[in-house]
Structure formats: C-alpha cells, structure tokens
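All remarks here apply to the structure that follows.
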Amino acid sequence: MESVQVRLTGAGVRVTGRVVDDAADCAAHSHGLVREFFQAHPCASLRRAQFEIRDRKGDVALVPIAWVEMPTEREARELKTLVDAGGSGNVTELSRERGRYRSVRYTGDAYASRRDGAVVVNAQAHPVARGWAGLALTSIATNAIE
C-alpha cells in the first residue's frame, strides 16, 4: 500500500485518505459477470484499497484498487480478460460498501489493469466533484497499478 501512495504522490497529487480491506470471498465483493466468474472460480485472496486524492486546486478523486489472487495463472488470465471488458462488472469498490462516498458511481473511463502471474490488479480513478480531466485520471489509475 505504501508503494501505491508513493506513486500517487509522485503523480502530483496529495493522498488525503486511505481504506484497506482483505477478504477471501471474491464473489461476495463483486458484481455482474465478474461475480458469476468468482462463483464458478473462487479466488485465493482479495485485497482492496481506496485512496482519496486531491490535486493542487483541492479537487477530490477516488482511486479504488483491487488485487485478486487466483489459484492458477489460467484463471487469472481469464479474470483479467473479463474485468477489462466493458460492462462485465468488477470487484466492488470499497466506497460503495462503506464510507461517505457510497453514492459515487464509477464509469470505468479512467481504468487500468495488469496481471502478474496469478494476481490481477485493477484500478480506477473517478472525480468526486469538479475539475479532473479524463487523461489525468487515466494516468493516475495507471500509476496506481504499476
């Protein structure tokens, strides 16, 4: 988590909040076709984080990140293909389950993912209010998963 915070700070934003959650039941913390995938192929572990970031003007954005470890690399490849497909669902963002940002609905416009062996990592960035440009948010999501 610290390395993510360092990368986000290096991208020129200030991290003003962070929430972390570990779980073993990916199906319980996902939606759409991704939930169906996890029901048929349970994950080995799930770690989620939610970063609240602010730019120099004070505009706020959320950066949810999920690290999903699958039992096999084949299942991880299948999961990555699925989460990268638009409209397929995803791991549920922590802000949607708790906290003050429950009403934020993620569009997936600023999204990045990668696979490292049996682990799939994906991140989004979404503005809470005014100001943020799409390209800047995509860059932040990409930095978050590196």
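The values are calculated or read from the model by the stated rules, or taken from the named source; none is laboratory data. Given the structure is predicted, the values throughout are model-derived calculations rather than measurements. Because the Cβ atoms are built from the backbone with ideal geometry, glycine has one as well, and the counts that use them run over all protein chains shown. These area figures cover heavy atoms from the full protein model, side chains too; ligands, DNA and RNA do not enter into them. Shrake-Rupley method; radii C 1.70, N 1.55, O 1.52, S 1.80 Å.
Annotations for the structure displayed:
- Scanning the range 30-83 for residues that are part of a helix (DSSP H, G or I), in contact (Cβ under 8 Å) with a residue 24 or more places away in the chain and touching a helix residue (DSSP H, G or I) at 6+ places or on another chain (Cβ under 8 Å) yields LEU33, VAL34, ARG35, PHE37, GLU78, LEU79, LEU82, VAL83.
- Any hit, the range 84-95, residues being farther than 16 Å from HIS31 by Cβ and assigned to a strand (DSSP E or B): no
- Within the range 118-132, the set of residues being part of a loop (DSSP other than H, G, I, E, B) and out of contact with any helix residue (DSSP H, G or I) (no Cβ under 6 Å at 6 or more places or on another chain) comprises VAL128, ALA129, ARG130, GLY131, TRP132.
- Among residues of the range 92-104, those that are over 15 Å from PHE51 (Cβ atoms) and open to solvent by less than 40 Å² (accessible area, probe 1.4 Å), counted: 1
- Condition check for ASP59: within 23 Å of ASN143 (Cα to Cα), at pLDDT below 85, of a type outside the set (A, V, I, L, M) and open to solvent by less than 10 Å² (accessible area, probe 1.4 Å): yes
- Whichever residue in the range 62-91 is open to solvent by less than 10 Å² (accessible area, probe 1.4 Å), of a type in the set (Gly, Ala, Ser) and within 18 Å of GLY32 (Cβ to Cβ) and, among such residues, is farthest from the chain's Cα centre (by Cα): SER88
- Residue list for the range 7-47, filter: open to solvent by less than 40 Å² (accessible area, probe 1.4 Å), within 19 Å of THR92 (Cα to Cα), modelled with pLDDT under 95 and not hydrophobic (A, V, I, L, M, F, W, C): GLY17, ASP21
- Among the residues making up the range 105-118, a single one is crowded, with 18+ Cβ neighbours inside 10 Å and either among the aromatic types (Phe, Trp, Tyr) or over 22 Å from GLU78 (Cα atoms) (or both): TYR111.
- The residue list CYS26, CYS43 contains one member that is over 30 Å from ARG14 (Cβ atoms) and under 14 Å from the mean Cα position of the chain (by Cα), which is CYS26.
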